[in-house]
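Engineer: One structure coming up, written as structure tokens, with questions to follow.
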Amino acid sequence: MHRSPQGTRIGTAGIAVQIVGSNWPKPHYTLLITGLCRFQIVEVLKEKPYPVAEVEQLDRLEQYTNGIGELSELSQQFYKYAIQLVEMLDMSVPVVAKLRNLLDRLPKETLPDILASIIRTSTNEKLQILDAVGLEERFKKTIPLLVRQIEGLKLLQKTRKSKPNDEKRIVAIRPIRRNNQLLGRPLHLDVVEDDDDDGDDIVMLEKKIKNTNMPEQAMKVCIKEIKRLKKMPQSMPEFALTRNYLELMVELPWNKSTTDRLDLHAARILLDSDHYAMQKLKQRVLEYLAVRQLKNNLKGPILCFVGPPGVGKTSVGRSIAKTVGREFYRIALGGVCDQSDIRGHRRTYVGSMPGRIINGLRTVAVNNPVFLLDEVDKLGKSLQGDPAAALLEVLDPEQNHSFTDHYLNVSFDLSQVLFIATANTTATIPPALLDRMELIQVAGYIQEEKIEIAHRHLIPKQLELHGLTPQQIQIPKEATEGIISRYTREAGVRSLERKIGAICRAVAVKVAEGQHKVTNSSSTHVAAKEGKEGVPEENKSESITDTTDVALPPEMPIVIDRHALKDILGPPIYEME
Ligand code: ADP
């Protein structure tokens, strides 16, 4: 309802025929309304909860059913312009051809409203036409708009002769969709007025596709899809789907890779500094790398580390990636029982997505990462197919140069990827898969090894994670021994690491509270005095340089003894043997 220039309140009654839209990639709704008639309020009956009024229909187009009568001259003029305009458009677009037909078939009196709804005018101008009650007025108001549009088109066609492709975009005829029978007066109002943004996005995407160095086959598919995308209304769910697909295609590292660094000496140092013990495993990994260095490529059998949880299988995989200078990506296979997890879903329904291999490649953005297939022994099986079979294709050097993910539907070369697998046991690994891999057993650690691992690796790592320094916490070997024998029972060191983490958290609370106390009581000299007595000799200089502003609370460093262990971790879970 709006106020007309004459001051009367003229409304347009309409029926919402269709509301389509989506919230993704950004909210966009299109409302298709078929106008019924103009009306005027005679009396407002009630305002709440919604206004109800008695109305009077203003325009009565029925009176023209036997011809336009004296208005025929105006109507002829209007018809002539309308035809001229439509014929300037690209007739190969189905909507335009349909519109051309409609111009001949529809009663002339309905034409002004229809054309006003589809030519490019401001909302204000459109409203003015809705305000025009008499047919003569309607013709008079729409003719100048048609003429203006025709002139604009002529001008644009002149300037754009060199770029014939752009002509389709000259007029914003938005596709009038499906059940638009044009019985009354259809108004196709776009709630979001300007969709140029998305047009630009598509142009950008097209540019990106052309600049991406992808194989010919993939490029062909992309070009076909972008053509489809251009013709698709944004509100269609398929629009987002196709766009996602194309974005993935652009992001995939078709030709991007890192350069390998095959230096055995450096590899030995790095493996040694990252991991204590595990001599056999490290030796085997070095042999593997040595052969690769001699052959100057990283192709070869797939290593599979087999051992109990927490013995450092994943962490060795990460070290290998670091050693050879490759990106690392872990794919957890535990519980995967659908082959589309590996190979993706076909792009036939909303929500389909690529498999984990392609996802991993997208994340690391290079085509030669180290993929750690974690827990291959925990692969499941289900009605949705056998993921192990899909994995076989991924791992087989004869096949994996043309691995086809169902979502991508074009092949991607996996031959540069270095696969490493881990498993807790070989018993449940499917035999065909087992056959492809070279097994390296990783045994658990004995107590002494665990203590060394804790002091060399786990404690420094946890301290750093919790923002603590050795001046604030000390975990003597006896305490570590206590944790290992009384609080954990495992082959690896994972729960040991967790317990150390718990201790660090508890100490962090104390340290933070201590700082608070010291700063609050402004007793800096007390802290200094206490510092002199409480901090052991070797830490004193550091505590002054590094943490003077932190102002050490009195009992620093906090030493973890048996009592502290009991306080923090609770009573021992296991009795000493
Ligand atoms: P897994 O993959 O075998 O289950 P992880 O690789 O996740 O075990 O190891 C758990 C933790 O133990 C990691 O933080 C890892 O760094 C550490 N760790 C295990 N073994 C060693 C070792 N020999 N030297 C240093 N750290 C180790």
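The values are calculated or read from the model by the stated rules, or taken from the named source; none is laboratory data. Because the structure is predicted, anything quoted here is derived from the model rather than measured. A quick note on method: Cβ atoms are made from the backbone with ideal geometry, for glycine too, and the neighbour counts reach across all protein chains shown. To get the accessible areas, we keep the full protein, side chains included, count just its heavy atoms, and leave off ligands, DNA and RNA. Shrake-Rupley method; radii C 1.70, N 1.55, O 1.52, S 1.80 Å.
Engineer: If you put +1 on each Lys and Arg Cβ and -1 on each Asp and Glu Cβ, how big is the dipole of the range 212-251 around its Cα centre, in Debye rounded to 20?
Structural biologist: About 260 debye.
Engineer: Right, here's the next one. For the range 338-487, what class follows from the C-alpha gyration tensor (a ≥ b ≥ c being the square roots of its eigenvalues): rounded when a/c is under 1.5, otherwise prolate if a/b is larger than b/c, else oblate?
Structural biologist: Prolate, because a/c is 1.5 or more and a/b exceeds b/c.
Engineer: Work out from phi, with θ = phi - 60° and the Karplus expression 6.51 cos²θ - 1.76 cosθ + 1.60, the ³J(HN,Hα) of each residue of the range 216-228, listed in order in whole Hz, and give x for Gly and Pro.
Structural biologist: 4, 4, 5, 4, 4, 4, 4, 5, 5, 5, 5, 5, 5
Engineer: Continuing with this model, one more query. What is the set of long-range amide H partners of G380 at a cut-off below 5 Å, with H atoms built 1.01 Å from backbone N?
Structural biologist: G335, V336, C337
Engineer: Right, another one. Mind checking the full-extension length gain between K510 and A97? Use 0.36 nm per residue of separation minus the Cα-Cα distance, one decimal, nm.
Structural biologist: Between K510 and A97, full extension yields 140.8 nm more.
Engineer: Provide the descending list of Cα extents for the range 212-251 along its principal axes, expressed in whole angstroms.
Structural biologist: 31, 17, 11
Engineer: Return the distance in nm (one decimal) between the two label points of a simple spin-label model at R562 and T426, each offset 7 Å from Cα along Cα→Cβ.
Structural biologist: The answer from the label model is 4.5 nm.
Engineer: At 1.4 Å probe size, put V203, V52 in order of accessible surface, largest to smallest.
Structural biologist: V203, V52
Engineer: Follow-up. Just in the range 293-373: which trypsin sites (Lys or Arg not before Pro) are loop by DSSP and have at most 15 other Cβ atoms within 10 Å?
Structural biologist: On the way: sites: K295, K299, K313, R318, K322, R326, R330, R343, R346, R347, R356, R362; in loops: K299, R326, R346, R347.
In loop regions of the range 293-373 (DSSP not H, G, I, E or B), the sparsely surrounded trypsin sites (Lys or Arg not before Pro) are K299, R346.
Engineer: What are the lysines whose alpha-carbon lies under 26 Å from the alpha-carbon of K499, with same-chain residues fewer than 8 places away excluded?
Structural biologist: Excluding near neighbours in sequence, the set is K313, K450, K461, K477, K510, K566.
Engineer: Next question, about the same structure. Amide H neighbours of F305 under 5 Å, at least 5 residues apart or on other chains, H built in the peptide plane: list them.
Structural biologist: A421, T422, A423, I440
Engineer: Measure off 7 Å from each Cα along the Cα-to-Cβ vector at E251 and I446, then give the distance between these two points in nanometres to one decimal.
Structural biologist: Here the modelled spin labels are 5.0 nm apart.
Engineer: With r defined as the distance between the Cβ atoms of K46 and E87 and R0 fixed at 60 Å, what FRET efficiency is calculated, to the nearest 0.05?
Structural biologist: Here the calculated transfer efficiency is 0.75.
Engineer: Let a ≥ b ≥ c be the square roots of the eigenvalues of the Cα gyration tensor of the range 90-129; is it rounded (a/c under 1.5), or, if not, prolate (a/b larger than b/c) or oblate?
Structural biologist: Oblate is the answer for the range 90-129, as a/c is 1.5 or above yet b/c matches or exceeds a/b.
Engineer: Using amide H atoms built in the peptide plane, which far-off residues or other-chain residues are under 5 Å from F328 H to H?
Structural biologist: Amide H neighbours of F328: V370.
Engineer: How are the C-alpha pair distances of the range 264-441 spread across 10 Å bins, as whole percents from the shortest bin up?
Structural biologist: It works out to 10, 38, 36, 14, 3, 0, in whole percents.
Engineer: Full-extension gain between R60 and T363, please, as 0.36 nm times their residue separation minus the C-alpha to C-alpha distance.
Structural biologist: Contour length minus the Cα-Cα distance gives 102.7 nm.
Engineer: Averaging over every viewing direction, what projected area does the convex hull of the Cα atoms of the range 74-158 cover, in nm²?
Structural biologist: Spelled out: convex hull of the Cα atoms, projected over all directions, averaged, 5.3 nm².
Engineer: While we're on this one: Let me make sure I get this right: for the range 216-284, a, b and c are the square roots of the gyration tensor eigenvalues over alpha carbons, sorted descending. Under 1.5 in a/c it's rounded, otherwise prolate if a/b > b/c, else oblate. Which is it?
Structural biologist: Since a/c reaches 1.5 and a/b is larger than b/c, the shape of the range 216-284 is classed as prolate.
Engineer: Mind giving me the FRET efficiency for R148 and I15? R0 is 25 Å, r the Cβ-Cβ distance, nearest 0.05 is fine.
Structural biologist: The computed FRET efficiency comes out at 0.25.
Engineer: Along Cα→Cβ, 7 Å out, is where each label goes; now give me the distance between the ones at T123 and K295 in nm to one decimal.
Structural biologist: 6.7 nm
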